[in-house]
Structures are given as structure tokens and as C-alpha cells.
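Remarks on the structure that follows.
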Amino acid sequence: MARVTRGLAIVLGITLALTGCATPAAGSPTGSAVTLQGDITVYAAASLQATFTDLAASFETDHPGTTVVLNFAGSSALVTQIIEGAPADVFASADTANMTRLTDASLTDGSPVDFATNVLAIAVPPGNPAGITDLADLAGPDVRLVVCAPEVPCGRAATALAATAGVTLTPVSEESSVTDVLGKVTSGEADAGLVYVTDVAAAGAAVEGIEFAESAGAVNTYPIVPVTGSASADVARAFVDYVTGGTGAAVLGAAGFGAP
Amino acid sequence: MTVPRWVFAMAGIGAAFVLLPLVAMVLRVNWAEFVPLISSEASVAALLLSLRTSLAATLLCVIFGVPMALVLARTDFWGQKVLRSLVLLPLVLPPVVGGIALLYTFGRRGLLGQTFELLGIEIAFSTTAVVIAQTFVALPFLVLSLEGALRTVGSRYEAVGATLGASPTTVLRRITLPLVLPAVLSGAVLSFARALGEFGATLTFAGSLQGTTRTLPLEIYLQRETDPDTAVALSLVLVVVAVIIVSLAHRTGEPSRRRARALS
Amino acid sequence: MTFSLDLHVAERDVSLHLDVAAGETVAILGPNGAGKSTLLGTIAGLVTPDSGRAELNGTVLFDLPAAGSGRRIWRPPHQRGVSLLAQEALLFPHLSALDNVAFGPRSAGVPATRARQTATRWLREVDAEALAARRPAELSGGQAQRIAVARALASDPGLLLLDEPLAALDISVAPAVRRMLRRVLFDRSAVIVTHDVLDAYTLADRVVIIEDGRVVDQGTPAEVLDRPRSAFAAGLAGLNLITGIRRGDTLVVADPATTITIDAGSAGADGDPISLAVRPAAVTVTFDEPADPARTSVRAELIDLEPRGDFVRARSALLAADVSPKDAAGLDAAVGSALWFSIPSAAAMVYPTGRSERSAPS
């Protein structure tokens, strides 16, 4: 039996090693405030993938000894994970509603800071086969429009926008994420999709973006905050400052985000 | 054979690995709100759509899967082995990949999409697309279980039938199909279960709209964003339906095994 | 002529011709691997030969010219009017006995009610009417085989094929099923493959011996089995077979070199190839040459003694003798030495080796 137990331990050990489950050395604050040192994990909304990847890299360059691990997903999913105990040091949300959930759970270290805004734009397949020019065109009976479901931030924005603009939208599909909306547009299945202007920018040549005046009616605000209980609270705070500072504004602005 | 005790230990860990997440989920169910949560308009629409599309997909699986299994089990031709592997591909393919493949086939700009469009059939964002996605992922289950059953039963009864003057169609109808009926049923039940759980291909290929394409798994995925209670409650419904189906499949599958033993 | 067949399978070196007259039952005997089952499979349409041709009641079952010359005809099994009854009954497990028997008529388009009437008649014919409602799983081996016979006959085949129909049955039920077969095969064109010489005697009008893919002998059961031409047929009939050349009143055997005195009135002229057949039970073994003038004796080495139930078979290279266990005990010490094997002239059958009085096997 002893031999079997040892065999089991070896098997489990190998499994853990292969899956990288072994507990990494936790970010250890040195106690010295002179230089920043430690690892942080940043949970950021999926729409921040490109910008935050850039920002994390330049942050690490500016602060040798720090490591920024990024985790991108829908804001709502991220909040749920953090509330369930996921080891996040910083949370950057794509909307204020989800940030409120974290604040309500008393998991924010200080007040969230708005660092960017985003507005909706119309994404159409290259060549714009349905000839869409503005928001009103999306209500056309033959236009296959794909939006985000009202349960997710981009969908909430779309619903709010349609209400303020007085347009009745009849989408053929309400997707769970921006990626799924863009997927339907790039593949040509849909004639148009309502996504964030930054998503259009990130999609490159795969879609054409059409901006419209009514988009100001539904501006999405992105807040960021350190999460309580971080082992590297100083690094987390520094990263939040970095994003809200000049470098952050420049990188975000280049990607199409608006200033808060 | 006496099962060594350490095998029991390993089996116990394995069973716990499967069962604990279910228990954990059940513990999270908001029982006070359970009935209102699962009887909301969106939930009911998703459940009904799921049942309807899965049933249609199962029917398609039987209509096309039975002939496929027959051809694989009873004929011998060049490239058959390769064909079998390819036909069973959806079993191992990530559903999203399946969805992408279907998109390039039946999508508006896909291989067949334009032909369908000319015929006035629109597949994109329709319930048909859901059924296609479900059939795609569920078909191998029926083909696989039926082909095995056909091989076990063998072709000797069919040969006897032929020498008694029965045409190939009569042999199929009166001998082959009755003999493998339990396998057809259990294969169909498995296909139904797989269709019911289909998510990735549907999400990629069919879209998500209440009452049209938003099946129960898609509804759960969406509700998870804002309303975890509903997501958990619906997950439980799906689990219960799946458990009922799997136990049904086991029950219908048993006679075929008994018969197989009697034959050997 | 009801049925005729020419068959060639190059890979297995099979080259056969077979005729079955109307109402005739032909038994095919041969060692394992002689091609008997291939033969039945080919007639039924379950095995495709390289080349050959078969015709049943004027309908071509198949016509496969050698090397792809000419038009190939291959009638599928269900259009041949040939039923195949195998060793195992192979009743359809999901149908009752009655519906199994009614299967053939139903497949021929007979309405259900009338097909069942026909089936009931055939069940009665095989003494199994009482089993009509039973499922195959509820039947004994003998009962199942009776119903399989009824099923095969109910499809009204132009030719019935039976592949060792009694081989899988319990010894206690085989005789009754054999009697039943004898009754239903009377006046019916049938080919029966068997290992059992009793089947040949009781069921067949004619016996065909196949060895190494060739017909080596054929004739009535009595002709083929009482006066065997081949070691295989002699073995089946349980006879010693000695072949050689007639020289005066002796049979000269080449291997082992021996001369056996035969009756002056025996068949064959001087120099003709002749055969001698004798039952081992009639042969005696003695240490000294018997003085009896009604016996002919051969001196041969006793190779071994093989117990066979209530007698012991004493074998030499030429002859085998069945002796009592008591006599065998006396011979035990003599294994390996030369003894006298003697045959009473009255028990020895001497006949020409060729079978000129019958159509030569083709």
C-alpha cells in the first residue's frame, strides 16, 4: 500500500507539474518602498486586451522586479470570479455597474477611478453589402443586425442608445460578447453589428466601422481599482496610477477610447 | 476478479471529481426563488427551444445515422477506415471549430449557403441553424453505437433472410433493424443528450435570440453575466434532464448487450 | 435436370461439377476443408466463385466466365429460390416460431394471414405445431432445428441446401430430427453436406465425395460406401480398403508390398486394378497362420492397439482388426512384431477399382 501511495504521489506530482498547478512563489513585498517589487494579477474587461497588454509590458519595463499577469474576460464574469475568491490584485471594468458589484462586496481598495470611455459604433462587413450609413438604417426590415444581449455591458449600451435615439432595433441575434458579434459580422452572416468603437479599431480590416452622432447618448465609462487583500498592494496601486496617468491616456486614446 | 483495494480508492477519487461539482452547484441553488427563476419567460422559451431542436436533431441523426452505420458495418470499400474516422470527427472536435466549419458550409457566404439562399432558405440565425449544429455534434454518437451493435449481431441472420427470398430492403426492415433496435434507441437517446448540451457550435454558427436560437445552454451562459441564481437554477434543470436521459439510455442499452452475449 | 453447377475457385484449387435431378437428394461428403461449405455458399449466392455457372430449373443462378470474358450474371440470393439450412438453426430471435416460418412466404408477398396458414402447415409437417407461439430463446436445439427446417421449406425453394443440419444437435434428439428430414426431403431437390455416413444412408439418393476440391467418387450410398474407392469413403464407411492389381487369384498390393489370395470368381480380369473392402470386425489377428482354407491371411507388423469402447482396434499398415479386449490383452506384448491378419473370404468384397458401370466423376 505504501508503494502505491508513493506512486500516487508521483503521478499527482507529475500532473501538477504538467498543468502548472504548483503554487508559485507569491509576490513578496520586500518591505522596502524604494523600488517596486512583486507580481500582480490584473483582471480586465475583454475590450481592454490590446491596450492593457501594451501597458503591462511598458509598466514592467519601467519597474524591473514587477510582473503583471493579465486575465481578460467579460467584466461580469471577472467580478463573479473575484467575489468567489479569485486572486486578483487589480480590476478594470468595462462599465460602472459591474464595478458597483465589487464595491458592494467591499472588495475595492479605495474608490474606483474612471480611466476611459467608449462609445458604440456600427461594424459592417468589408464593402458594407447592406449599404448601412447611420443608426436609423439598422432598423430596416431586411437588415440582419447582431447586437450584444442586454445582460452584457455592450448590450446594455445598445439598448440605452436605441431608447435615447428613438430607434427600434430588431436584431437577429443577441450575442453574449463583443467577440461573438464581431464574428458574425466578419463572416458576413450579419449585415451589421453594434459594438464599441475600440472593437472596430481592434478588428482592423476585417470590418468597416461607421460612427454615428447618436453614439454620444450612451457613453460607457471604464473604472479601475485595486482589489483588497493584495500581497503586492503597492504594485497594484502603482499600476492603477499608471493606467490613469499620461501613458495610459496615450495608449488608450490611440486605441479609440475617449477620455473620462 | 477481486478488485484491489487501491483501485477502489482511485475510483472513489474519480467519482468525487465528477460528483462534487454537481453537489457544489446544487448547494448554490436559491431554492426560495427556484420555481420563479426557472419559469421566467426567457427560461421557459430556452427550455422549450432546446427540447424542440434536440428532438429534431435526434430525428435527423436517426434518418441519416442509421444508413451511415449500415454502410460502415456492412460494406467494405476503399477508404472506409478514413471515412469512419472523419465521420466520427465531431466527437473530438472542439464545438467552436465545428461551428466555424458549419459557418463556412451553410453560412451566407459558405459552400452551400448561396445555393440555399437562391432556394429561398435562410439558415443563418434561424432555428434550422441550431438543429444543424446539434445534428453535427450528435450524429457520431448514433453512428458509433449502432455500428458496434451491427458488428456484434453479425450478418448471419441477414444471409438466412436473403436465402428465404427476402429482398435487401425486407431484410433491413424485418431482420436487421429489429435486431439492433435497442442500439438505435440508446444511440438516439445519447444523440438527444448531446444535442441538448450543444453550446459551442450553436453560439458560433446560429447566434442567440430568445425563442429562435437561444437554447438552454446559451441562456445559462448569458444569465451567468447578470443573474447567477437563474444560471444555477437552469443548470440544475439541464442536469436533471441529462440524468434522466442517460439512465434511459442505460436501460434501453441493456437488452442489446444481453442479446449480444446470447449470440456469441 | 433440375440443377447443375460448375464451380472454379483458383485460390482454393476447387474445380467441381454437380448435378441434382428433380426430387433427388444429394449428400456431399468430404474431409474438412474440401470445399463443401464454399460449394453451398456459392449455390446460395453468399460466396462468389472465380468462375463457374449454375442453373436451377432453367434459370441461370450465376454465369461467371473465366478471366472476365463474356457477360457476367450474378443473381442475388433472394432471387434464387435456394434455401440454406445451417448447422445452427439461426431463427430470428425477435420473431415467434410461427413468424419465423412465415418469413419466407411473407417475403414473397403472401398476405400475413395466408403466410401464417402456410407456416402452420409446415410446423405441423415437422411436428412442431405446438411451438408456434414460442420465441427462439424458449426452444431447445432440436426444436429450433425443426422450425428452421419448416422455415426453409415454407419459402418453397427449388433447391434446399443443408449444411450439416444435425451436427450441432444433441445425440438424443438427432435421430428424431433425421427421421423428420427423411420425410420432408422425400421427393425434393436437396443438397446436404454432412460428416455423418448415417445421414448419407438415410437421407441421400446419391452420394458425392469431394476431396481436395474435386469430385473423387459418386453413386448411390450403397455403391459409394459399401465399395469405397477412396480412403476417405472407406474411413467414413468404417471399412478396410486395399487396392492393387489382380494377378491370377491374388491381389498384388504395391505399398506395403503384399499379395492377398482372393476368390477365383472375384470381379476383374488379370491385370485389372481391383479393390478389397472388409469390416475390421471381420478380421482376426493370430500369432500363427490360420489353417482355415476359407480365410485369406496376410503377415503384417502390428503397429498399435487402440481401445475403442467395448473393442480394441489392432492396426497394421495394411489392415485393421477389431478384437475383443481379452484378445487384445494377449496381443499387447506383440506390438511391433509381425502377426497374421486373416480375412474370411465371405466377408471380403472384391470389386474393380474403376467405376465403369457409372458415369465417371467429372
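The values are calculated or read from the model by the stated rules, or taken from the named source; none is laboratory data. Predicted, not measured: the structure shown is a model, and the values here were computed from it. As a convention, Cβ positions derive from the backbone with ideal geometry for all residues, glycine included, and neighbour counts pool all protein chains shown. The protein model used for the area step is the full one, side chains on, heavy atoms only, and it has no ligands, DNA or RNA in it. Shrake-Rupley method; radii C 1.70, N 1.55, O 1.52, S 1.80 Å.
Got the relative contact order for chain B handy, in percent, Cα pairs under 8 Å and 6 or more residues apart?
Working: 313 pairs, mean separation 78.3, N = 264.
Relative contact order for chain B comes out at 30 percent.
Across the residues of A:146-158, average count of Cβ atoms on other protein chains within 10 Å?
Numbers: counts 4, 0, 3, 11, 3, 10, 3, 1, 0, 2, 1, 0, 0.
For this peptide, the per-residue mean of nearby foreign Cβ atoms is 3.
Once R0 is set to 22 Å, what does the formula 1/(1 + (r/R0)^6) return for the Cβ-Cβ distance between B:S39 and B:A242, expressed as a FRET efficiency to the nearest 0.05? Write out the running numbers ahead of the final one.
On the way: r = 20 Å, r/R0 = 0.90.
The value I calculate is 0.65.
Net charge around C:R106, counting only other residues with Cβ within less than 12 Å of its Cβ (Lys, Arg = +1; Asp, Glu = -1)?
Numbers: positive: B:R173, B:R174, C:R114, C:R116, C:R151; negative: C:D99.
For residues surrounding C:R106, the net value is +4.
If you plug each phi of the stretch A:123-133 into the Karplus form 6.51 cos²θ - 1.76 cosθ + 1.60 with θ = phi - 60°, what whole-Hz ³J(HN,Hα) values come out, in order, with x for Gly and Pro?
So the J values, rounded to whole Hz, are 9, 10, x, x, x, 6, x, 8, x, 6, 10.
Please report, in Å, the Rg and the Dmax of chain A, where both are computed over Cα atoms only.
Values for chain A (Cα only, Rg and Dmax): 21.4, 74 Å.
I want the antiparallel fraction of DSSP beta bridges within the stretch C:3-226, as a percent rounded to 5. Can you show the working numbers first?
Numbers: 25 of 41 bridges.
The antiparallel fraction comes to roughly 60 percent.
For the protein assembly as shown, compute Rh as the Kirkwood radius over C-alpha pairs and then the Stokes-Einstein diffusion coefficient at 10 °C and 1.306 mPa s; write the answer in µm²/s, rounded to an integer.
Details: Rh = 35.7 Å.
Translational D for this selection: 45 µm²/s.
Once Lys and Arg get +1 and Asp and Glu get -1 on their Cβ, which of B:W78, B:P140, B:L118 lies farthest toward the positive end of the dipole of the stretch B:33-263?
Value computed over the given set: B:W78.
Starting from the Cα of C:K326, draw a straight line to each of the aspartates and glutamates and keep only those under 15 Å, dropping any in the same chain fewer than 8 residues away.
Result set, ordered by chain and number: C:E306, C:D310.
Using the beta-carbon distance between C:A291 and C:R124 and R0 = 41 Å, what value does 1/(1 + (r/R0)^6) give for FRET efficiency, to the nearest 0.05? Don't skip to the end; give the middle numbers.
On the way: r = 63 Å, r/R0 = 1.53.
The calculated FRET efficiency here is 0.05.
Across the residues of B:207-215, average count of Cβ atoms on other protein chains within 10 Å?
Details: counts 13, 11, 8, 2, 0, 2, 3, 4, 0.
Across the residues of B:207-215, the mean count of other-chain Cβ atoms within 10 Å is 5.
Computed on alpha carbon atoms, what radius of gyration and Dmax characterise the stretch B:1-150, expressed in Å?
21.0, 65
Using modelled amide H (1.01 Å from N, peptide plane; none on Pro or chain starts), what sits under 5 Å from the amide H of C:V283, excluding residues fewer than 5 places away?
C:D322
Where in chain B is the longest stretch that carries no chymotrypsin sites (Phe, Trp or Tyr not before Pro) classed as loop by DSSP and with at most 12 other Cβ atoms within 10 Å?
Numbers: sites that count: B:F77, B:W78.
For chymotrypsin sites (Phe, Trp or Tyr not before Pro) (loop position, at most 12 other Cβ atoms within 10 Å), the longest site-free span of chain B is B:79-264.
Ignoring everything except DSSP H segments at least 4 long, calculate the 222 nm mean residue ellipticity for chain A; use -39,500 (n - 2.57) per segment, divide by total residues, nearest 500. Don't skip to the answer; put the middle values down first.
Values: 9 runs with 100 residues, N = 260.
About -11500 deg cm²/dmol.
Compare the Cα positions of B:P217, B:L190, B:T170 along the charge dipole of chain B (+1 at Cβ of Lys, Arg; -1 at Cβ of Asp, Glu; about the Cα centre) and return the one farthest towards the positive end.
Positive-most Cα among the choices belongs to B:T170.
Suppose R0 equals 41 Å. What FRET efficiency, 1/(1 + (r/R0)^6) with r the Cβ-Cβ distance, do B:R28 and A:D241 give to the nearest 0.05? Display every interim value, and only then the final one.
On the way: r = 37 Å, r/R0 = 0.91.
My answer for the efficiency is 0.65.
Report the net charge of residues surrounding A:G127, where surrounding means a beta-carbon distance below 14 angstrom and charges are Lys +1, Arg +1, Asp -1, Glu -1. Please report the intermediate quantities before stating the final value.
Details: positive: B:R108, B:R109; negative: A:D191, A:E208.
Charge balance in the 14 Å sphere: 0.
Mind listing the long-range amide H neighbours of A:T41? Cut-off is under 5 Å, sequence gap 5 or more, other chains count too, H placed in the peptide plane at 1.01 Å from N.
Distant-sequence amide H within range of A:T41: A:V69, A:D89, A:V90.
When a/c reaches 1.5 or more, the comparison of a/b and b/c decides; with that in mind, is chain B rounded, prolate or oblate per its Cα gyration tensor? Spell out each step's value before the answer.
Numbers: a/c = 2.14, a/b = 1.27, b/c = 1.69.
Verdict is oblate for chain B.
Among bridges DSSP assigns within the protein assembly as shown, what percent are antiparallel (round to 5)? Don't jump to the answer; show the numbers that get you there.
Details: 78 of 110 bridges.
Close to 70 percent.
In chain B, which helices (entire DSSP H runs) extend 15 Å or more along their own long axis, judged by Cα positions, while averaging at least 1.0 on the Kyte-Doolittle scale?
Working: long enough: B:5-27 (31 Å, 2.05); B:41-74 (48 Å, 1.68); B:95-106 (16 Å, 1.73); B:127-153 (38 Å, 1.49); B:177-197 (29 Å, 1.68); B:216-226 (16 Å, -0.25); B:228-263 (52 Å, 0.78).
Span-like helices in chain B: B:5-27, B:41-74, B:95-106, B:127-153, B:177-197.
Taking the alpha-carbon centroid of each part, what is the distance from the stretch C:102-129 to the stretch C:276-335 in angstrom?
Measuring centre to centre over Cα atoms gives 56 Å.
Kindly provide the Kirkwood hydrodynamic radius of chain C in Å, to one decimal, from all pairs of distinct alpha carbon atoms. Please list the in-between numbers first.
Numbers: mean 1/r = 0.0436 Å⁻¹.
After inverting the pairwise mean of 1/r, the radius is 23.0 Å.
Any chance you could check the Cα centroid distance between the stretch A:169-183 and the stretch C:74-97 for me, in angstrom?
60 Å
To the nearest 20 Debye, how big is the dipole of the stretch B:33-263 about its Cα centre, given +1 on the beta carbon of each Lys and Arg and -1 on that of each Asp and Glu? Don't skip to the end; give the middle numbers.
Details: 18 positive and 13 negative charges, 254 e Å.
For this selection, approximately 1220 debye.
Distance between the C-alpha centers of the stretch B:158-234 and the stretch A:207-260? Whole Å please.
The two parts, judged by their Cα centres, are 46 Å apart.
Roughly how many nanometres apart are two label points built 7 Å out from the Cα toward the Cβ at A:A97 and C:I303?
For A:A97 paired with C:I303, the spin-label model returns 9.9 nm.
For the stretch C:309-319, in order, what is each residue's ³J(HN,Hα) by Karplus, 6.51 cos²θ - 1.76 cosθ + 1.60 with θ = phi - 60°, in whole Hz (x at glycine and Pro)?
x, 8, 9, 10, 8, 9, 10, 10, 5, 9, 9
In debye, nearest 20, what is the charge dipole magnitude of the protein assembly as shown about its Cα centre with +1 on Lys and Arg Cβ and -1 on Asp and Glu Cβ, if you could check? Mind showing how you got there, number by number?
On the way: 63 positive and 81 negative charges, 649 e Å.
That gives the protein assembly as shown a dipole magnitude of about 3120 debye.
Taking the Cα centre of the stretch C:3-226 as origin, sum charge times position over the Cβ atoms of Lys and Arg (+1) and Asp and Glu (-1), and report the length of that vector in debye to the nearest 20.
Values: 23 positive and 27 negative charges, 224 e Å.
Computed about the Cα centre, the dipole is about 1080 debye.
Take every Cα pair under 8 Å in the stretch B:72-197 that's 6+ residues apart, average their separations, divide by the length, and report that relative contact order as a whole percent.
Numbers: 94 pairs, mean separation 35.2, N = 126.
Normalised by residue count, the contact order of the stretch B:72-197 is 28 percent.
What does the charge add up to near C:P49, with Lys and Arg as +1, Asp and Glu as -1, over the other residues with Cβ less than 13 Å from its Cβ?
Numbers: positive: C:R12, C:R53, C:R72; negative: C:D6, C:E11, C:D13, C:D50, C:D63.
Net local charge, C:P49 excluded: -2.
Taking every DSSP beta bridge that has both residues in chain A, what percent is antiparallel when rounded to the nearest 5?
So the antiparallel bridges in chain A amount to around 50 percent.
From the phi angles alone, apply the Karplus equation (6.51, -1.76, 1.60; θ = phi - 60°) to the stretch C:248-258 and give each ³J(HN,Hα) in whole Hz, x where the residue is Gly or Pro.
x, 9, 10, 9, 9, 9, 7, 9, x, 4, 8
How about the stretch C:148-163: which of its residues lose at least 50 Å² of accessible area in the presence of all protein chains relative to their chain isolated, using a 1.4 Å probe?
Listed by number, the residues meeting the 50 Å² cut-off come to none at all.
Hey, how much of the P(r) for the stretch C:239-352 falls beyond 19 Å, as a percent of Cα pairs? Present the calculation step by step, with values, prior to reporting the outcome.
Values: 2754 of 6441 pairs.
Roughly 43 percent, once rounded to a whole number.
What are the residues whose amide H is under 5 Å from the amide H of C:L84, where those residues sit 5 or more places off or on another chain and H is modelled from the backbone?
Long-range HN contacts for C:L84: C:L161.
Set Lys and Arg Cβ to +1 and Asp and Glu Cβ to -1, take the dipole of chain A about its Cα centre, and tell me which of A:A236, A:G188, A:G155 lies farthest positive.
Result: A:A236.
Return the lysines within reach of B:K81: Cα separation strictly under 19 angstrom, same-chain partners fewer than 8 residues apart disregarded; answer none if there are no such residues.
none
Tell me the relative contact order for chain A as a rounded percent, counting alpha carbon contacts under 8 Å between residues six or more apart. Walk me through the numbers on the way to the answer.
Values: 477 pairs, mean separation 68.6, N = 260.
Computed value for chain A: 26 percent relative contact order.
In the stretch C:1-81, what is the volume of the convex hull around the alpha carbon atoms, normalised per residue and reported in Å³?
On the way: hull volume 7.4 nm³, N = 81.
So the per-residue hull volume is 91 Å³.
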